[in-house]
1. So how far apart, in nm, are the two label points at residue 179 and residue 108 if each is 7 Å from Cα heading toward Cβ?
2. Convert each backbone phi in segment 38-49 into a coupling constant with the Karplus relation 6.51 cos²θ - 1.76 cosθ + 1.60 (shift: θ = phi - 60°), then list the ³J(HN,Hα) values in order as whole Hz, x for Gly and Pro.
3. What distance in nm separates the simple spin-label points at residue 23 and residue 46, each placed 7 Å from Cα in the Cβ direction?
4. Using modelled backbone amide H atoms (1.01 Å from N, in-plane), which distant-in-sequence or interchain residues come within less than 5 Å of residue 139's amide H?
5. Taking the highest mean first, how do the peptides 130-140, 20-30 order by number of other beta carbon atoms within 10 angstrom per residue?
6. For segment 1-87, which trypsin sites (Lys or Arg not before Pro) are in a loop by DSSP, counting at most 13 other Cβ atoms within 10 Å?
7. Amide H to amide H, which residues 5 or more places from residue 126 or on other chains are under 5 Å from it, using H placed in the peptide plane?
Amino acid sequence: MRKTEPKRITEITRRNIIDALLLDQDPFHGRLDLVGFLRRVWPLKDMRSTDSRFDDAEGDIWQHMINNDDWTSDHLFYDRLDILDIPDELFVKFLEECVHPLVSTGVDRTARLVLLFNGYLVHDGFALRPGGQISGHKIYKVVSATGAGALPDVYEVVLSFAGEDREYVDEVAEFLKANDVSLFYDMYEEATLWGKDLVEHLHKVYSGSALLRHVHLCIIRRENLADA
């Protein structure tokens with residue numbers, strides 16, 4: 001049974017965006033292979049398979065979209081991934097990955113997709129806007145077009161640690177950043193934290209507003225373990 005929980009990005013907007021992507025002459029997954037792209041958005045290894053020959057969604061998507069090519073892209077999105085009913089934050093992650101520098105085939109392609117997505121998102125009060133840079137390329141984030149009621153940030157890793165472990169956590173953060181992992185690390189967020197209610201904002205971050213593969217990384221010193 002389809003869930004009835006209302007979405008802030010409506011079914012109409014989602015369908016319009018997906019249909020436009022599928023009609024586009026370029027693949028939505030850009031310069032990545034299909035499964036590699038989907039893995040950046042969905043935890044495929046943790047999703048059940050609909051094909052008894054495979055252990056997870058990654059296996060059956062590969063089998064039916066690449067090896068046999070007997071699923072259509074419409075089936076993949078609307079039936080297998082249920083894109084009309086996934087949480088807003090996950091749909092936002094999908095849009096942001098479509099225009100990510102690692103995925104997009106170039107700045108012209110990125111600009112065209114941003115224009116396309118914004119043409120539909122505006123009706124729900126959202127827009128893709130530059131939210132940072134990586135290696136000189138813009139990273140786009142879906143934000144509130146009105147400045148209120150924005151969707152929460154989606155982080156793959158949230159770094160939580162004791163103050164004395166700052167030096168080590170710096171190294172961990174740099175490693176994750178170099179491997180294109182979306183992370184919350186206070187030293188990287190100084191500009192975005194300015195002017196916010198820090199108690200409320202940090203509570204949302206650390207208590208679960210980050211939806212996809214949210215991880216609290218607690219660094220424990222070895223000498224502390226010996227005292228436990």
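Read-outs throughout are calculated quantities, based only on the coordinates presented, and are distinct from any laboratory measurement. Every value quoted in this text rests on a predicted model; they were computed, and no experiment measured them. Here Cβ is always computed from backbone atoms with ideal geometry, including for glycine, and neighbour counts include all displayed protein chains.
1. For residue 179 paired with residue 108, the spin-label model returns 3.6 nm.
2. For segment 38-49, the Karplus curve yields 4, 5, 6, 10, 10, x, 4, 5, 9, 9, 5, 8 Hz.
3. Calculated label separation equals 3.5 nm.
4. HN-HN under 5 Å from residue 139: 131, 132, 133, 134.
5. On the way: 130-140: 12.9, 20-30: 14.5.
Output ranking for 130-140, 20-30: 20-30, 130-140.
6. Values: sites: 2, 3, 7, 8, 14, 15, 31, 39, 40, 45, 48, 53, 80; in loops: 2, 3, 7, 8, 31, 48, 53.
In loop regions of segment 1-87 (DSSP not H, G, I, E or B), the sparsely surrounded trypsin sites (Lys or Arg not before Pro) are 2, 3, 48, 53.
7. HN-HN under 5 Å from residue 126: 145.
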